[in-house]
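To keep things clear, I will list the structure first and then write my remarks on it.
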């Protein structure tokens, strides 16, 4: 007896094999979110569990991408920075990754902000310094646009340094980071770095190994050097009198990169030292205290 079996094509349809990312996503395990605190305008070194292998995940804190470097053995050593301008509240850090064109978000850390209570300085300057000419404003805009490109090209996948950062000078501090400034009772600003006393011609060393990404004369900061150290960390040296390095140079820690001066909008000879970590200008001394 012949038995004819007719099977619908639909019943024989094979399911598409799962992608490596889909397979991995089913086994992902995240620990309870870390809860910690951070001062506004500071940086903190943190270890986070990184359970991804095939999936490419990014880390965002308060909406800003944070350099992940190259996580090893399921752990990512990251540098979390806090905005000087957010004095209270908290912010979250989250992994963002995509599975089948759908973005996933997983919160991995929460940071409560401690107000650093930065001081207020009231300054009186000549009117010609309080108001800029149209020509000066145009120059400043062009310089700012170029700086944005420099920041956007920051090295985030690795560190160029292996030793802890050091401060560039041991001289007296003449202006602290974070101070609020009021010029002629009207114009408000804030100090984004630390000022060190430095006689003209003082040798300025690099705070750590890195690549020189800017060595130019700017309107406000005068002769300026910026070093990219990797992992989203940059240091800036301003009001210099002479460059000893050029853009693209790889410099070791403590290499002499310039001589101090009084160029740009400066009230006297000094070194302005700025530290930028993942989009925020932070207090350089917090970088040192964290042993980064």
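Could you count how many residues in the stretch 154-193 are touching a strand residue (DSSP E or B) at 6+ places or on another chain (Cβ under 7 Å), surrounded by fewer than 15 Cβ atoms within 10 Å (Cβ to Cβ) and either without any contact (Cβ under 8 Å) to a residue 60 or more places away in the chain or within 26 Å of residue 230 (Cβ to Cβ) (or both)?
4
Can you name every one of the strands (runs of 3 or more DSSP E) wholly within the stretch 25-126 that holds 2 or more residues which are more than 19 Å from the chain's Cα centre (by Cα)?
By residue number, 34-39, 90-99, 102-114, 120-123.
Only one of 142, 163 is in the same structural domain as residue 274 (by TED's automatic domain parsing) and assigned to a helix (DSSP H, G or I); which?
Sole residue among the options that is in the same structural domain as residue 274 (by TED's automatic domain parsing) and assigned to a helix (DSSP H, G or I): 142.
Restricting to the stretch 193-222, count the residues that are under 14 Å from residue 263 (Cα atoms) and outside any strand (DSSP E or B).
The total comes to 8.
Given 196, 219, which one is out of contact with any strand residue (DSSP E or B) (no Cβ under 8 Å at 6 or more places or on another chain), modelled with pLDDT of 95 or more and buried (at least 17 other Cβ atoms within 10 Å of the Cβ)?
After applying the criteria, what remains is 219.
Suppose the filter is in a loop (DSSP other than H, G, I, E, B), modelled with pLDDT under 95 and within 25 Å of residue 195 (Cβ to Cβ); does residue 169 pass it?
Against the criterion (in a loop (DSSP other than H, G, I, E, B), modelled with pLDDT under 95 and within 25 Å of residue 195 (Cβ to Cβ)), residue 169 does not qualify.
The values are calculated or read from the model by the stated rules, or taken from the named source; none is laboratory data. Only a predicted model underlies this, so the values are computations on that prediction, with no experimental measurement involved. For neighbour counting, all protein chains shown are included, and Cβ atoms are generated from backbone atoms with ideal geometry for every residue, glycine included.
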